[in-house]
Amino acid sequence: SIYQTGLPSVTMNLVVSLVMIVYNHILAGFGPLALATLGLCFRINGLVTMVLFGIGHGVMPMVAFSEGAGHTKRLVETVRVAVKCSALFAAFSSLILIIFARPILTAFSNDMDLLRMAVPALKIFVATLVLAGPSIVWINMFIGLGKGMTAMFLMLTRDIIFLIPMLLILPLFIGVNGAWMAQPLSMILAFLMILA
């Protein structure tokens with residue numbers, strides 16, 4: 001039971017590292033500004049996803065307790081409230097990051113060449129954050145229900161099956177914008193798969 005809960009988290013950390021290796025390898029071909037942009041986008045995006053993961057990790061023990069106690073209505077209500085809160089927070093954060101992309105990025109660097117690349121990249125990168133909140137909650141729900149393999153499969157699907165292939169293919173046709181678009185497109189596909 002410990003591995004059922006812990007293995008998905010360990011695997012996800014390994015997969016994130018693999019994604020970063022692929023991202024760095026792809027963007028190295030577009031120069032140092034692309035790599036710097038990736039760092040900025042990941043860090044700023046991480047401030048939002050950190051809260052979303054916090055909501056997801058908070059749901060996990062409540063789901064497990066409700067399941068164990070046979071309180072199905074409370075379990076469903078817990079997940080429903082968490083999905084709603086995470087989606088609202090992610091949508092608000094995404095809106096703020098899109099509207100104020102330039103001032104936020106200026107806090108990190110005044111390099112005009114970097115800003116020219118980073119502003120549109122950040123807007124693309126965070127465009128589907130609203131889908132990340134519910135996805136994280138649902139994945140943690142499966143972990144709380146003791147379905148660690150299901151949760152791990154859903155997590156791996158986004159990064160291994162969708163994101164990494166898109167990172168390898170899209171930049172060949174769209175250039176550096178393909179690398180930024182891979183993240184939101186893989187999020188949309190993963191979200192649809194979780195719903196299914």
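The values are calculated or read from the model by the stated rules, or taken from the named source; none is laboratory data. What you see is a predicted model, and the numbers here were worked out from it, not measured in a lab. So basically every Cβ, Gly included, is an ideal-geometry build from the backbone, and we count neighbours across all protein chains shown. Surface areas here come from the heavy atoms of the whole protein model, side chains and all, with no ligands, DNA or RNA. Shrake-Rupley method; radii C 1.70, N 1.55, O 1.52, S 1.80 Å.
The table that follows gives values for the structure above.
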| item | result |
| --- | --- |
| Nearest-0.05 FRET efficiency for VAL51 and ALA196, computed from C-beta distance (R0 30 Å) | 0.65 |
| Overall form of region 42-136 per C-alpha gyration tensor (a/c, 1.5; a/b vs b/c) | prolate |
| Carbon + sulfur, % of accessible area of region 50-196 - ligands and nucleic acids excluded, 1.4 Å | 75 |
| Virtual spin-label span in nm between PHE65 and ILE188, 7 Å along Cα→Cβ | 3.9 |
| Net lengthening on full extension, ASN110/PHE42 (0.36 nm per residue, minus Cα-Cα) | 22.6 nm |
| TYR3-ALA28 pseudo-label distance in nm [points 7 Å out on the Cα-to-Cβ vector] | 3.5 |
| Label selected from (1) 33, 19, 17; (2) 32, 19, 13; (3) 46, 21, 12, the criterion being semi-axes √(5λ) of the Cα gyration tensor in Å as computed here | (2) |
| Percent RCO, i.e. relative contact order, over the chain, from Cα pairs under 8 Å lying at least 6 residues apart | 32 |
| Heavy-atom accessible area per residue - the chain, 1.4 Å, Å² | 51 |
| Max mean-square fluctuation residue, GNM over the chain, Cα-Cα springs under 10 Å, options LEU172, LEU97, LEU163 | LEU172 |
| Cα-projected label distance for ILE96 with LYS73, points at 7 Å along beta-carbon direction, nm | 3.6 |
| For region 120-196, fraction of C-alpha pairs farther apart than 19 Å, in % | 38 |
| Förster-model FRET efficiency, 41 Å R0, LYS84 and ILE161, C-beta, rounded to 0.05 | 0.90 |
| Cβ-defined net charge surrounding VAL15, 14 Å radius [Lys, Arg +1; Asp, Glu -1] | 0 |
| Net charge of neighbours whose Cβ lies under 13 Å from the Cβ of ILE44, counting Lys and Arg as +1 and Asp and Glu as -1 | +3 |
| Total formal charge among the other residues, if their Cβ is under 15 angstrom from that of GLY133, Lys/Arg +1 and Asp/Glu -1 | +3 |
| Charge dipole (debye, nearest 20) of the chain; +1 at Cβ of Lys and Arg, -1 at Cβ of Asp and Glu | 340 |
